Amino acid sequence: MPVAAVPNVFYSRFNRIIAAVFCAVAALSALSLFLLPTASNRWLVIPALFVMLFVWEVLWRPDLRVSDDAVTIRNPLRTIVVPWAALVHVDTKFALTLYTPGRKFAVYCAPAPGRSLTSAGRRKSTDPVPFLIGQPRPGDLPDSDSGEAAHLVRSRWNALQRSGRLDGGLAAQTPVSVVWAWGRASVLVAGAAASVVALLLA
């Protein structure tokens, strides 16, 4: 029996709000520039469109997917698939970070909280984090991106271990898949270059 039928997906709600705001402003700017009577100003549509593309790649697209088979990290320009058998440690010091033998992979969409959020979270938190002794680490606070994402990973990992579906001692020989999005990277580089040219022409 599967531990969970549907993969859990985590993304930063704050990042997506910021992305939506930036895209809305860029889209309105592109439309207004295109409608201007001065043809030279229409070149500025290109930088506006580039901003939308960049924001989508950096703020909107990144997420974390936790399934019975693996943890999939979608960071900007690369996707990392960490099978459970390869996972040896989960940390939240600076961001949610998955450790495998000799390697570590930070989750871009799950940074640890800043000092202000840490203080507020500690004031509101009354239940100790079950896998820590004493005061929880700031990155494990449940109201933080890193804490929420870490809970998804740890709870599924623990459930799979309790169910007997994970065999120990296979981490060193279990491969981790890292795929770079060279196509999207090329589009971003081309968009940046085109934006510089457009600014010069305008």
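For the stretch 88-101, state whether one or more residues are farther than 21 Å from Ala159 by Cβ and aromatic (Phe, Trp, Tyr).
Yes: the stretch 88-101 contains one or more residues that are farther than 21 Å from Ala159 by Cβ and aromatic (Phe, Trp, Tyr).
Determine the pairs where a residue that is more than 17 Å from Ile73 (Cα to Cα), located within the stretch 165-186, has a partner that is of a type in the set (Phe, Trp, Tyr) with Cβ atoms under 7 Å apart, the partner being 6 or more residues away or on another chain.
Leu166/Trp84
If I go through the stretch 60-71 residue by residue, how many of them are without any contact (Cβ under 8 Å) to a residue 60 or more places away in the chain, of a type outside the set (Lys, Arg) and either in a strand (DSSP E or B) or open to solvent by less than 10 Å² (accessible area, probe 1.4 Å) (or both)? Give the derivation first.
Taking the stretch 60-71 and keeping what is without any contact (Cβ under 8 Å) to a residue 60 or more places away in the chain, we get 60-63, 65, 69-70.
Within this subset, residues satisfying the condition of being of a type outside the set (Lys, Arg) are 60, 62-63, 69-70.
From what is left, the residues that are either in a strand (DSSP E or B) or open to solvent by less than 10 Å² (accessible area, probe 1.4 Å) (or both) are 62-63, 70.
Number of matching residues: 3.
What are the residues in the stretch 147-164 that are open to solvent by 60 Å² or more (accessible area, probe 1.4 Å) and at positive phi, if any?
Correct list: empty.
Condition check ((1) modelled with pLDDT under 95; (2) buried (at least 16 other Cβ atoms within 10 Å of the Cβ); (3) in contact with a Ser or Thr (Cβ under 9 Å, 6 or more places away or on another chain)) across all residues:
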residue: Gly134; (1), (2), (3): yes, no, no
residue: Asp143; (1), (2), (3): yes, no, yes
residue: Asp167; (1), (2), (3): yes, no, no
residue: Pro175; (1), (2), (3): no, no, no
residue: Val178; (1), (2), (3): no, no, yes
residue: Ala181; (1), (2), (3): no, yes, yes
residue: Arg184; (1), (2), (3): no, yes, no
residue: Val189; (1), (2), (3): no, no, no
residue: Ala192; (1), (2), (3): no, no, no
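When the stretch 154-202 is examined, which residues are found to be among the small types (Gly, Ala, Ser), touching a Pro at 6+ places or on another chain (Cβ under 6 Å) and assigned to a loop (DSSP other than H, G, I, E, B)?
Passing the criteria: Ala171, Ala172.
All but one of (1) in a strand (DSSP E or B); (2) closer than 18 Å to Val179 by Cα hold for Val9; state the number of the condition that does not hold.
(2)
Among all residue pairs at least 6 apart or on different chains, which show Cβ distances below 8 Å where the first residue, located in the stretch 20-37, is over 12 Å from Leu49 (Cβ atoms) and the second is outside any helix (DSSP H, G or I) and of a type in the set (Gly, Ala, Ser)?
none
Of Ser32, Ser12, which residue is within 19 Å of Ala112 (Cβ to Cβ) and small (Gly, Ala, Ser)? Show your work before the answer.
Values: Ser32 fails: within 19 Å of Ala112 (Cβ to Cβ).
One residue alone meets the criteria, Ser12.
The values are calculated or read from the model by the stated rules, or taken from the named source; none is laboratory data. Source: prediction; values computed, not measured. Note that we place each Cβ from the backbone using ideal geometry, even for glycine, and neighbour counts take in every protein chain shown. Only protein heavy atoms, including side chains, enter the accessible area calculation; ligands, DNA and RNA are left aside. Shrake-Rupley method; radii C 1.70, N 1.55, O 1.52, S 1.80 Å.
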